[in-house]
1. Kindly state which strands (runs of 3 or more DSSP E) lie completely within the range 246-356 and contain at least 2 residues that are of a type in the set (Val, Ile, Thr), at pLDDT below 80 and under 16 Å from CYS84 (Cα atoms).
2. Quick check: is even one residue across the range 180-187 hydrophobic (A, V, I, L, M, F, W, C) and under 17 Å from LYS248 (Cβ atoms)?
3. Looking only at the range 197-206, count every residue that is assigned to a helix (DSSP H, G or I) and of a type in the set (Ser, Thr, Tyr) and tell me the total.
4. Quick check on my filter: what residues within the range 59-106 are part of a strand (DSSP E or B) and out of contact with any helix residue (DSSP H, G or I) (no Cβ under 7 Å at 6 or more places or on another chain)?
5. Residue by residue through the range 270-290, note down the ones that are surrounded by 19 or more Cβ atoms within 10 Å (Cβ to Cβ), within 15 Å of the chain's Cα centre (by Cα) and more than 19 Å from MET101 (Cβ to Cβ).
6. Restrict the check to the range 113-131 and report whether at least one residue is assigned to a loop (DSSP other than H, G, I, E, B), under 23 Å from CYS280 (Cβ atoms) and under 20 Å from the mean Cα position of the chain (by Cα).
7. Are there any pairs with C-beta distances below 6 angstrom linking a residue in the range 254-281 that is β-branched (Val, Ile, Thr) to a residue that is at pLDDT below 90 and not in a helix (DSSP H, G or I), with the two at least 6 apart or on different chains, and if so which?
Amino acid sequence: MLTYLVVSQAYCICWLQQVLELINHSFHINKSKLRINNSHKTKTEDSSLKPKYAINVKSVCKHYWSQKKPTVEHLNFTVQPGQCYGLLGVNGAGKSTTYSMLTGHSTITHGNIYLNGYDITLNKEKACENIGYCPQQDALCEFMTPRELLTFYSYLRHPNHHHHHHHHRHDHQTFNHKNQVNKMIELIGLQQYADCLIHTLSGGNKRKLSSGIAFIGNPKIIFLDEPSTGMDPQGKYLLWNNIKNAIKLNCTILLSSHCMEECELLCNHIGLLIKGKICCHGSPLKLKQQYGLGYYIDLQFKSNILNYINNNNNHINDLQILLHNYLPNFQLRYPLLTRQEYHYNNNDNNKPLWKLFNALDQLNKHNIIENISIRQSTLEDVFVNFINLYKNNELSNE
């Protein structure tokens, strides 16, 4: 087994060196062939020097011949340079299929995708030459080390920095790659495992490496498909910092995640994907205002609450009526836990929030409240609520 591991690792390293040599050779020999003749440029490609949108998805459909309905249907969204767009949806909504088309791995049935102004169907090479991708499933060479794999991708992103005729310049460029790799290892928190074989890493550390591969070389566009899945809290924190720093460098990021806290913290805009269509989109604040469920009131009663209920029936009825106007499920009756959460819907203009505060103040005067906390609807509340609204609407239309 040991011999197999050594031979496999040696093979991977040898393969890496050969690929780098091939890239370098191809870059210098065929450099002129990669240039597109001005007479063949499309209008879209001419404007790609300063495109309005880094990502522009127009009426995209993906229909597999074995399925009756399209996996992705009339998908439309745009992302400006230097922004983070959150693509959310339940499992099977079409997110991974969308990423597959965005990265050129899967053909588009109908519609167009433009990356940095280039049509991915007409000019895939230009469209995809400066993107980073962290797929949902780790795609790693198991018998390389994180340092070797990051070095490989660093050279892939900047092949012209490999091998120069002048010795001192060669050392300088090699140092730049080495420095970039060392920095990325630190940014993703893999210093301790940088020289271990990848197949020995935990799932969380493999996920960190996959995210590092997406960021290495400072690509203009980064696609992140559930990048924080399986990461420990520290790993998530480092990932979030890497995303924020990339945005500061005007990098455009498309992020999908089941962590609503992550999306709310990082995304400028969010699109909710259901059955291959974006059914609602907007900033996190706009979505919470439009589809949120108001506020949640958390009341923590004192230990004397049960005695108070027994001895103050008149006050109890008055308070019950008063609070019930604002909190429909409010009750001061048996059984009553010492901590209760109530929902307040702020859509009724006749019951503004300040009136609820006055009612809570009346309750507090009876010395039965230990603590009152109020929180706004979260993005997770919005997500669940909209999915339920969508399902109910579908059922009513059947």
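The values are calculated or read from the model by the stated rules, or taken from the named source; none is laboratory data. Predicted, not measured: the structure shown is a model, and the values here were computed from it. Neighbour counts are summed over all protein chains in view; Cβ atoms, including those assigned to glycine, are modelled from backbone coordinates with ideal geometry.
1. Passing ranges: none, list empty.
2. Yes, that holds for at least one residue.
3. The total comes to 1.
4. Matches in the range 59-106: SER59, CYS61, GLU73, HIS74, ASN76, PHE77, THR78, VAL79, TYR85.
5. Correct list: ILE270, PRO284.
6. no
7. What qualifies is ILE274/ALA93.
Yes/no per residue for (1) in contact with a strand residue (DSSP E or B) (Cβ under 7 Å, 6 or more places away or on another chain); (2) surrounded by 18 or more Cβ atoms within 10 Å (Cβ to Cβ); (3) at pLDDT 95 or above; (4) assigned to a helix (DSSP H, G or I):
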{"site": "ILE185", "(1), (2), (3), (4)": "no, yes, yes, yes"}
{"site": "GLY189", "(1), (2), (3), (4)": "no, yes, yes, no"}
{"site": "ASP195", "(1), (2), (3), (4)": "no, no, yes, no"}
{"site": "LYS208", "(1), (2), (3), (4)": "no, yes, yes, yes"}
{"site": "GLY212", "(1), (2), (3), (4)": "no, yes, yes, yes"}
{"site": "ASN218", "(1), (2), (3), (4)": "no, no, no, no"}
{"site": "LEU224", "(1), (2), (3), (4)": "yes, yes, yes, no"}
{"site": "THR229", "(1), (2), (3), (4)": "no, no, no, no"}
{"site": "ASN241", "(1), (2), (3), (4)": "no, no, yes, yes"}
